[in-house]
1. Sorted from fewest to most neighbouring beta carbons within 10 Å, what does the list Trp108, Trp124 look like?
2. Take every DSSP beta bridge with both residues inside the chain and express the antiparallel ones as a percent of the total, to the nearest 5.
3. Using every alpha carbon pair in the stretch 53-125, what percent of pairs falls into each 10 Å bin from 0 up to the bin containing the largest distance?
4. Any number yet on Rg/Rh for the stretch 120-188, C-alpha, Kirkwood?
5. With the Cα gyration tensor of the stretch 34-188 in hand, convert its eigenvalues to equivalent ellipsoid semi-axes via √(5λ) and list them largest first in whole Å.
6. Can you give the Rg/Rh ratio of the stretch 81-162, where Rg is from the C-alpha atoms and Rh is the Kirkwood radius?
7. Can you give the local net charge around Phe10? Use residues other than it whose beta-carbon is closer than 12 angstrom to its beta-carbon, Lys and Arg +1, Asp and Glu -1.
8. Pick from Ala65, Ala50, Ala77 the residue whose mean-square fluctuation is largest in a GNM of the chain, springs joining Cα atoms under 10 Å.
Amino acid sequence: MPSTDVVALFVVPLEQLGLTYMVTGGVAAIAYGLPRLTNDVDVVLELGRADVDRILAAFAAEAFATPPREALLVELARPRGGHSNIIHVPSVQKADLYFLGDDALHVWAMARRRRTDVGAHQIWLAPAEYVIVRKLEWVGQGGSERHLRDVRNMLANAGPALDPAELERLVVERGLESLLERARAARD
């Protein structure tokens, strides 16, 4: 699990704001797979221009390093969804924010997110198929072998949260078949 409660630091404020989001990345891999350490949280967030000031206020400058308002607006305007991050200064924990935009996989996953208990918190979690596909894409872009281990662990442990036919459809659609096979063969 996270060394500091990244869910409490970053996701609980999103809940309190009533924003539409889903947690993905390492926290989701832990929820669907096996425990491991992670020092950040990845969040796909549906955010409107009017929500930017609310986000900045929720992550107060005393404890958090946030991008300037103008930078968030530029990222938010990217059609495929932009990216930004927020850092909790005392712990150096980080939240990577990926804006929904019109990215087809983000949109597909947001419609299928799941309400899940993670530690002491109930959060919206990205579907297992989405997490697997995104991790395979990261590996294809030169990412860490850790992503392959995460995929392997999620395949083995996600149980009914994983729809194998839907995963296969998404993997084939994106040409990730060989990477999925590498993940299945990965060793811990």
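1. Trp108, Trp124
2. DSSP beta bridges in the chain are roughly 70 percent antiparallel.
3. Values per bin, smallest distances first: 17, 38, 38, 7.
4. 0.97
5. Calculated on Cα positions only, the semi-axes equal 29, 18, 15 Å.
6. For the stretch 81-162, the value is 0.98.
7. -4
8. Ala50
A short reminder: the numbers here are calculations on the coordinates, not readings from a lab. Since the structure is predicted, the reported quantities are computational estimates derived from the model, not experimental observations. Every residue, glycine among them, receives a Cβ derived from its backbone with ideal geometry; neighbour counts consider all protein chains shown.
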